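Okay, so here's the structure we're looking at.
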Amino acid sequence: MTDETSQLLSDTAEKLFSDHVTKNCIIDAEKGTWPDELWSEVIANGFNLILVPEELDGVGGNWMNAGILFKALGRYQAPIPLAENIVASYILSLAGISQPTDSILTILNGAFVAENDLLSGSSPRTPFASYSTHGVVLYKDGSDLKVGLIEIDKNNLKDNSNIALENRGHIELDKVSFIENSKVDCDSNLVKKLGALMRSNQMAGALESILTQSVRYANERIQFGRPIGKFQAIQQDLAVLSTHVAASSVAADYACSSMDKGNPDFAIAVAKSRIDDAVSVGAGIAHQVHGAIGFTYEHGLHFATRRLWAWRAEYGSGSEWSKVLGEKAISNGADKFWPSITQGDLDI
Amino acid sequence: MNIPFNFRLTDFPVEAETLRLEVREFLSSALVDVPKETRAETWYGADEGFSRKVGERGWIGLSWPTEYGGSGRSAMERYVVLEEMLTAGAPVGAHWIADRQSGPLIIRYGTPEQQEKILPGILKGETYFCIGMSEPDSGSDLAALRTKAEKKGDKYIVNGTKLWTSGAQRCQYMIALFRTSKEEDRHGGFSQFIVDLSLPGVTIRPIIDLAGRHHFNEVVFEDVEVPETMLVGKEGDGWNQVTAELALERSGPERYLSSYALLQELIKEFSERNDYEGVTEIGRQMAHLTTLRQMSVSVAGMLNDGENPALEASVVKDLGAVFEQDLPNIAHRLMDLEPDNQGNDFQKYLAILTQISPSFSLRGGTREILRGIIARGLGLR
Ligand SMILES: Cc1cc2nc3c(=O)[nH]c(=O)nc-3n(C[C@H](O)[C@H](O)[C@H](O)COP(=O)(O)OP(=O)(O)OC[C@H]3O[C@@H](n4cnc5c(N)ncnc54)[C@H](O)[C@@H]3O)c2cc1C
């Protein structure tokens with residue numbers, strides 16, 4: 001995609017989400033209502049197929065393009081599994097499997113065994129499982145790595161949710177057959193890495209949202225006869241928040257661009273680790289600036305902050321990814337430390 | 001509200017990566033005799049012999065136009081030279097300021113005579129500059145400065161005191177901001193001069209810093225006669241010019257790499273001990289460092305494209321200073337070793353960086369001032 005089509009994608013997503021992701025839409029979703037209209041629009045625009053090659057009837061975009069959508073999802077706190085569907089359809093496409101029409105995909109993440117092409121195992125916190133028709137799984141079959149597509153059977157599913165009240169189902173599989181499966185040549189830890197990548201980008205978007213909300217509120221809320229944004233203490237806090245927002249956005253972009261360059265391990269770990277720190281500082285400042293009103297369900301700030309607190313722990317916390325980085329850095333030794341940063345690669 | 005900054009990722013061109021290898025090669029032999037204490041200081045460390053060698057390679061004024069004797073290469077290539085020098089702990093302090101801001105200022109606003117007289121020495125790594133902005137009563141509030149330059153015939157007579165002037169003891173020149181007239185406008189009536197520090201009436205007095213080093217100075221001017229030919233740009237335009245100069249001063253990789261040596265030394269200690277406690281913290285710092293680098297490179301890209309990333313530079317400098325200042329505390333927390341000038345390498349680095357780290361959020365604009373600039377960018381002021 002060219003710069004122009006990226007801009008178009010960004011404008012389209014912006015328009016679609018600002019029209020459809022209303023406060024009521026999010027509240028209804030938290031109560032368990034599937035946002036049908038929003039999802040139909042997203043599908044009509046082909047957003048879910050952004051990473052699927054054109055040969056497989058996809059859009060043929062790259063990870064920087066997907067990053068635009070991930071960030072927009074976070075910015076609007078859209079209560080739909082678009083990020084998951086983008087990643088799931090991408091994983092399917094790696095194995096040359098097309099997505100069934102009208103399906104809603106989820107990504108299974110857990111420990112699985114396959115025997116005679118029957119899958120067993122559990123996927124404990126499966127995003128939007130209860131709303132999904134199909135699951136995508138990356139699993140080992142003997143020495144082969146395979147991608148499988150299964151149907152989600154509600155009988156194997158126990159409902160649950162994260163603190164942002166996003167559906168996270170527990171799926172238990174006992175010798176379930178595949179709709180389709182195929183060998184694939186990719187990283188066996190791909191699901192976790194792509195999960196970390198999509199959540200990093202969503203967090204970068206949600207952090208932008210809490211910054212813009214906080215600045216707007218600081219300019220509106222009057223105390224001691226003037227907008228609280230005129231107080232230097234508030235200005236300094238918001239400046240700090242904005243530096244973390246900027247860092248998060250860069251870290252998320254860096255991960256997407258490294259993915260496009262085919263060498264993402266370092267950058268994904270950096271993004272999840274860096275943005276985790278940004279969430280800790282940033283969510284705190286946003287709530288402080290909002291005072292008590294931001295602590296209510298009525299005010300919408302928490303739609304972003306609860307997501308941030310949930311997402312930072314999904315697909316490996318910042319600490320877990322930091323550990324990956326630290327272990328490599330130490331075993332590489334001090335002399336390779338700087339070169340590994342300039343090359344964006346831990347395996348040098 | 002829209003977010004007022006946009007850090008787009010910037011890749012280094014192939015030439016820059018080739019240059020990186022050349023610089024690494026050069027440093028691997030040029031630094032063998034540089035003591036650890038000097039390396040730990042990065043751009044606070046100065047070695048005139050080293051600066052001349054860098055000049056010989058054509059790496060000072062690398063991105064200046066060729067008609068001024070520069071190498072006419074991109075800002076991205078210059079960035080590579082800087083980051084490689086800093087992370088290797090090269091003693092770049094002598095030529096740093098002339099290369100970063102005084103030379104570019106003279107190229108932009110100076111007269112052909114000034115350019116002919118001064119630029120060649122900078123490029124050779126022999127002519128050094130210091131920054132004459134701060135005064136006893138003028139720190140963050142630069143517009144409160146009082147040193148006067150009064151026009152008399154073809155000279156300006158200068159009286160007053162500059163303070164905290166880094167490296168003045170080894171510099172031939174200072175770019176100084178003086179008051180040339182009283183104006184209603186708080187930012188009016190300032191002018192910039194190239195001051196030859198060997199002129200009669202200039203006294204440079206060392207100020208010893210908390211670590212016992214002679215880094216900065218007090219520079220007193222008593223009826224110093226500065227020829228009018230040494231006025232830079234237009235009389236009265238000093239404020240705008242100095243603002244442009246500050247953008248250069250705030251935007252480079254030195255704003256997050258000051259404690260880099262300590263991080264590298266920390267990794268060395270861990271590798272040798274085979275001790276994996278604290279490994280998560282090392283990884284966290286690596287994530288911060290990498291992100292800062294991407295942000296800083298993005299600023300270099302904007303400068304290269306002729307944009308004005310003043311706001312983005314303030315963001316990087318503020319985050320960078322927090323990072324640089326955290327490192328000594330983190331190193332202390334992770335290692336059970338005293339900071340010690342006579343200890344092992346790690347202890348030496350810790351000793352120096354612990355002591356000099358408070359300056360990271362003061363020099364070049366304090367944390368509070370930078371955050372004020374960012375808040376203005378956010379539309380809060
Ligand atoms: C190592 C080092 C090297 C230096 N080298 C040079 C040099 O070569 N040339 C040169 O000209 N200067 C140099 N400086 C000076 C530096 O630019 C000043 O220290 C800086 O501008 C701050 O001024 P100040 O120290 O007078 O502090 P002050 O301005 O007095 O500030 C003290 C504290 O008050 C805060 N403060 C001030 N005003 C405000 C405000 N409006 N709102 C909120 N908080 C505020 C500051 O942020 C700071 O925390 C150097 C300083 C150091 C530490």
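The values are calculated or read from the model by the stated rules, or taken from the named source; none is laboratory data. The shown structure was predicted, so the numbers you read here are calculated from the model rather than taken from an experiment. Neighbour counts run over all protein chains shown; Cβ positions are idealised from the backbone, glycine included. The area values use the complete protein model at the heavy-atom level, side chains included, leaving out ligands, DNA and RNA. Shrake-Rupley method; radii C 1.70, N 1.55, O 1.52, S 1.80 Å.
Does A:A239 satisfy the condition of being within 16 Å of the ligand (Cβ to nearest atom) and either at pLDDT 95 or above or more than 9 Å from every other protein chain (Cβ to nearest Cβ) (or both)?
Yes.
Would you check which residues across segment B:36-47 are open to solvent by 30 Å² or more (accessible area, probe 1.4 Å), within 16 Å of the ligand (Cβ to nearest atom) and either among the small types (G, A, S) or within 14 Å of another protein chain (Cβ to nearest Cβ) (or both) and list them?
The answer is B:A46, and nothing else.
Any residue at all in segment A:311-323 that is open to solvent by 40 Å² or more (accessible area, probe 1.4 Å), under 21 Å from A:Q202 (Cα atoms) and more than 14 Å from chain B (Cβ to nearest Cβ)?
yes
Do the conditions hold for B:D33, that is, is it acidic (D, E), buried (at least 20 other Cβ atoms within 10 Å of the Cβ) and free of Cβ contacts under 8 Å to residues at least 60 places away in the same chain?
No: the conditions fail for B:D33.
Tell me which residues, restricted to segment B:48-62, are out of contact with any Asp or Glu (no Cβ under 7 Å at 6 or more places or on another chain) and open to solvent by 60 Å² or more (accessible area, probe 1.4 Å).
Within segment B:48-62, B:E48, B:K53, B:E56, B:R57 meet the criteria.
Every residue, every condition in (1) away from the ligand (no atom under 13 Å from the Cβ); (2) aromatic (F, W, Y); (3) over 25 Å from B:D141 (Cβ atoms); (4) touching a Gly at 6+ places or on another chain (Cβ under 6 Å), yes or no:
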residue: B:F178; (1), (2), (3), (4): no, yes, no, no
residue: B:S191; (1), (2), (3), (4): yes, no, no, yes
residue: B:L210; (1), (2), (3), (4): no, no, no, no
residue: B:V226; (1), (2), (3), (4): yes, no, no, no
residue: B:L231; (1), (2), (3), (4): yes, no, no, no
residue: B:W239; (1), (2), (3), (4): yes, yes, no, no
residue: B:A261; (1), (2), (3), (4): yes, no, yes, yes
residue: B:E269; (1), (2), (3), (4): yes, no, yes, no
residue: B:R273; (1), (2), (3), (4): yes, no, yes, no
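Among the candidates A:T33, A:T12, single out the residue that is of a type in the set (S, T, N, Q) and free of Cβ contacts under 8 Å to residues at least 12 places away in the same chain.
A:T33
Could you list, in sequence order, the residues of segment A:330-341 that are more than 14 Å from B:Y260 (Cα to Cα) and at the interface with another protein chain (Cβ under 7 Å from one of its Cβ atoms)?
A:I330, A:G333
Tell me which residues, restricted to segment A:114-124, are buried (at least 18 other Cβ atoms within 10 Å of the Cβ) and under 24 Å from the mean Cα position of the chain (by Cα).
Step one: list which residues in segment A:114-124 are buried (at least 18 other Cβ atoms within 10 Å of the Cβ), which gives A:114, A:119, A:123.
Scanning segment A:114-124 gives a single hit, A:S123.
Just checking, which of A:A164, A:A111 is in the same structural domain as A:W34 (by TED's automatic domain parsing), within 17 Å of the chain's Cα centre (by Cα) and of a type in the set (A, V, I, L, M)?
Step by step, each of A:A164, A:A111 is checked, and only A:A164 is in the same structural domain as A:W34 (by TED's automatic domain parsing), within 17 Å of the chain's Cα centre (by Cα) and of a type in the set (A, V, I, L, M).
Does segment A:246-263 contain any residue that is outside any helix (DSSP H, G or I), buried (at least 22 other Cβ atoms within 10 Å of the Cβ) and more than 9 Å from chain B (Cβ to nearest Cβ)?
Checked segment A:246-263: no residue is outside any helix (DSSP H, G or I), buried (at least 22 other Cβ atoms within 10 Å of the Cβ) and more than 9 Å from chain B (Cβ to nearest Cβ).
Report yes if some residue within segment B:174-182 is farther than 30 Å from B:E37 by Cβ, surrounded by fewer than 19 Cβ atoms within 10 Å (Cβ to Cβ), free of Cβ contacts under 8 Å to residues at least 60 places away in the same chain and touching a strand residue (DSSP E or B) at 6+ places or on another chain (Cβ under 9 Å); otherwise report no.
Scanning segment B:174-182 turns up at least one residue that is farther than 30 Å from B:E37 by Cβ, surrounded by fewer than 19 Cβ atoms within 10 Å (Cβ to Cβ), free of Cβ contacts under 8 Å to residues at least 60 places away in the same chain and touching a strand residue (DSSP E or B) at 6+ places or on another chain (Cβ under 9 Å).
Filter segment B:154-163 for residues that are touching a residue at least 60 places away in the same chain (Cβ under 8 Å) and within 14 Å of the ligand (Cβ to nearest atom) and give the result.
Of everything in segment B:154-163, those that are touching a residue at least 60 places away in the same chain (Cβ under 8 Å) and within 14 Å of the ligand (Cβ to nearest atom) turn out to be B:G160, B:T161.
Restricting attention to segment A:186-236, which residues are under 30 Å from the mean Cα position of the chain (by Cα), of a type in the set (F, W, Y) and away from every other protein chain (no Cβ under 11 Å)?
none
Looking at segment B:93-108, can you tell me whether even one residue there is in contact with a Cys (Cβ under 7 Å, 6 or more places away or on another chain) and not acidic (D, E)?
yes
List pairs: first in segment B:1-20 and at the interface with chain A (Cβ under 8 Å from one of its Cβ atoms) and free of Cβ contacts under 8 Å to residues at least 12 places away in the same chain, second exposed (fewer than 15 other Cβ atoms within 10 Å of the Cβ) and in a loop (DSSP other than H, G, I, E, B), Cβ under 7 Å, 6+ apart or cross-chain?
Matching pairs, first to second residue: none at all.
Determine, yes or no, whether B:I356 is of a type in the set (V, I, T), in contact with a helix residue (DSSP H, G or I) (Cβ under 8 Å, 6 or more places away or on another chain) and either within 9 Å of chain A (Cβ to nearest Cβ) or open to solvent by 40 Å² or more (accessible area, probe 1.4 Å) (or both).
Numbers: of a type in the set (V, I, T): yes; in contact with a helix residue (DSSP H, G or I) (Cβ under 8 Å, 6 or more places away or on another chain): yes; either within 9 Å of chain A (Cβ to nearest Cβ) or open to solvent by 40 Å² or more (accessible area, probe 1.4 Å) (or both): no.
In short, no.
Looking only at segment B:149-164, which residues are open to solvent by less than 10 Å² (accessible area, probe 1.4 Å) and either β-branched (V, I, T) or more than 11 Å from B:S134 (Cα to Cα) (or both)?
B:A149, B:Y156, B:V158
Of everything in segment B:96-120, what is more than 21 Å from B:L303 (Cα to Cα) and either open to solvent by 10 Å² or more (accessible area, probe 1.4 Å) or out of contact with any strand residue (DSSP E or B) (no Cβ under 8 Å at 6 or more places or on another chain) (or both)? Give them in sequence order.
Hits for segment B:96-120 are B:T111, B:P112, B:E113, B:Q115, B:E116, B:K117, B:L119, B:P120.
For segment B:135-153: of the residues being within 12 Å of the ligand (Cβ to nearest atom) and not aliphatic (A, V, I, L, M), which is farthest from the other protein chains (Cβ to nearest Cβ)?
In the first step, residues of segment B:135-153 are kept if they are within 12 Å of the ligand (Cβ to nearest atom); the result is B:135-145, B:147.
In the following step, the residues that additionally are not aliphatic (A, V, I, L, M) were identified as B:135-141, B:147.
Working: B:E135: 24, B:P136: 25, B:D137: 22, B:S138: 20, B:G139: 17, B:S140: 13, B:D141: 15, B:T147: 29 Å.
Result: B:T147.
Only one of B:A375, B:A287, B:A313 is within 16 Å of the ligand (Cβ to nearest atom), in a helix (DSSP H, G or I) and without any contact (Cβ under 8 Å) to a residue 40 or more places away in the chain. Can you tell me which?
Details: B:A287 fails: within 16 Å of the ligand (Cβ to nearest atom); B:A313 fails: without any contact (Cβ under 8 Å) to a residue 40 or more places away in the chain.
Of B:A375, B:A287, B:A313, the one residue that is within 16 Å of the ligand (Cβ to nearest atom), in a helix (DSSP H, G or I) and without any contact (Cβ under 8 Å) to a residue 40 or more places away in the chain is B:A375.
Quick check on this structure: which one of B:G212, B:G188, B:G167 is over 23 Å from the mean Cα position of the chain (by Cα), of a type outside the set (D, E) and open to solvent by less than 70 Å² (accessible area, probe 1.4 Å)? I'd like the intermediate steps shown before the answer.
Details: B:G212 fails: over 23 Å from the mean Cα position of the chain (by Cα); B:G167 fails: over 23 Å from the mean Cα position of the chain (by Cα).
Going through B:G212, B:G188, B:G167 in turn, just one is over 23 Å from the mean Cα position of the chain (by Cα), of a type outside the set (D, E) and open to solvent by less than 70 Å² (accessible area, probe 1.4 Å): B:G188.
Quick check on my filter: what residues within segment A:21-61 are touching a Gly at 6+ places or on another chain (Cβ under 7 Å) and within 26 Å of A:L301 (Cβ to Cβ)?
A:K23
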